[in-house]
1. Residues in segment 243-285, backbone N under 18 Å from the label point at ARG68 (7 Å along the Cα-to-beta-carbon vector): list them, ranges by number please.
2. Answer rounded, prolate or oblate for segment 32-158, using the Cα gyration tensor with square roots of eigenvalues a ≥ b ≥ c: rounded when a/c is under 1.5, else prolate when a/b is larger than b/c, else oblate.
3. For segment 248-322, would you read off the P(r) tail past 22 Å as a percentage of all alpha carbon pairs?
4. Given the Cα-Cα distance of ASP191 and VAL52 and 0.36 nm per residue of separation, how much length would full extension add, in nm?
5. Between THR90 and GLU211, what length in nm is gained on full extension when 0.36 nm per residue of separation is reduced by their alpha carbon distance?
6. Check every DSSP H run in the chain and write down those whose alpha carbon atoms cover 15 angstrom or more along the long axis and whose mean Kyte-Doolittle hydropathy is -0.5 or greater.
7. Mean separation of Cα pairs under 8 Å and 6+ residues apart, divided by the residue count of the chain: what relative contact order is that in percent?
8. Over segment 195-318, what is the relative contact order in percent, taking alpha-carbon pairs closer than 8 angstrom and at least six residues apart?
Amino acid sequence: MHYLLYGLQVQTDRALPGLRAEPGAGPPDVRMWIGAHPPGCAPSAVSEPWYVANRSSPEGEPALAVFRGGGWFRLRYADGTEFTVDQAGTRVGCTWRPESTLEDTSTYLLGPVCGLVLRLRGLSALHASAVSAGDSAFLLCGPAGAGKSTTAAAFAARGRPVLCDDVAVLDVDGDGVKVRPAYPHLRLWPDSVRNLFGPAADLPALTPNWEKRYLDLGARGESFHPRPLPVRAVYLIAPREEAGAPRLQPVPAADAVLALVANTYLGWLPDMAAHGRDLARYAALVRQAAVKLVVPHADPARLPDLCELIEADFTARAGGAT
């Protein structure tokens, strides 16, 4: 199977749930072994500790431990799911315990594992969703639980195509900073689904073992934007408030760069060279795009007001062309 993920041609030996296979266009950038590890990789030999999460399972296992050695990285999750990734970011393998499913494994694969692949390939990514507006895009940036996916889904319901959910990969070249498309679905909690689409609304479960739902961009009229777009604005999502919300606040350039650093996807990995690349790219992004703090209202029913506020701000910056 061939997929286009984060701008990379990916070949897998099994279909991945929630993705649309595409014709292969030349040699793949990344090969994935699903239910096995790549030939020549012995996971048990990849044993030098590199990172251990500070969160643990009820059984006391680290939520994630990352090891390296012999030209490979190994990611071991507390539920027993394991991934191996070669140091060039070109080969990926995965295995899981019988009580887990391919759908469970794919949530890791499309998020942090692809995030590691991207980082090993020298790319920078933000914790952000990206929304198309005419010939450019804006980012909704913030930590887990900030409301990135829910806000992106609200924009999709308003007819604005979405490029990515939670992982926004940046390309920096002579034409400026662009964001890459990821994959054509969004992950939403059940209460977000009901707030967006009505109390009787329901969407398919992302996995049999998790509450999150799956919004197929295209199945309900919402759409996916499949090509990179220049980034013209970044909205940093702040904690929700009652008074004076929703509202926008300007962010000084230096503070904006630091905020982006804090929202680096996989920024916790101990890779100083990658951190240096990130800093330079975020400085370029801040020179190109307006960065503002957006404070949502605590009442989910006010989400349309937030969307209107962002749309008006973005349209004013774009000179009315959105």
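1. Residues 265-279 fall inside that zone.
2. Working: a/c = 2.07, a/b = 1.67, b/c = 1.24.
Prolate shape, in that a/c is at least 1.5 and a/b is the bigger ratio.
3. Values: 1117 of 2775 pairs.
For segment 248-322, the share of Cα pairs beyond 22 Å comes to 40 percent.
4. Numbers: separation 139, 0.36 × 139 = 50.04 nm, distance 3.18 nm.
Full extension from ASP191 to VAL52 adds 46.9 nm.
5. Details: separation 121, 0.36 × 121 = 43.56 nm, distance 3.17 nm.
Fully extending the segment from THR90 to GLU211 adds 40.4 nm.
6. Working: long enough: 272-288 (24 Å, -0.16); 303-317 (21 Å, 0.27).
Those that pass (Cα extent of 15 Å or more, hydropathy at least -0.5) are 272-288, 303-317.
7. Details: 664 pairs, mean separation 47.0, N = 322.
Relative contact order for the chain comes out at 15 percent.
8. On the way: 115 pairs, mean separation 42.6, N = 124.
Relative contact order here is 34 percent.
The values are calculated or read from the model by the stated rules, or taken from the named source; none is laboratory data. What you are looking at is a predicted structure, and each value in this text was computed from that prediction instead of being measured. Here the Cβ is made from the backbone with ideal geometry for all residues, glycine too, and neighbour counts use every protein chain on show. Only protein heavy atoms, including side chains, enter the accessible area calculation; ligands, DNA and RNA are left aside. Shrake-Rupley method; radii C 1.70, N 1.55, O 1.52, S 1.80 Å.
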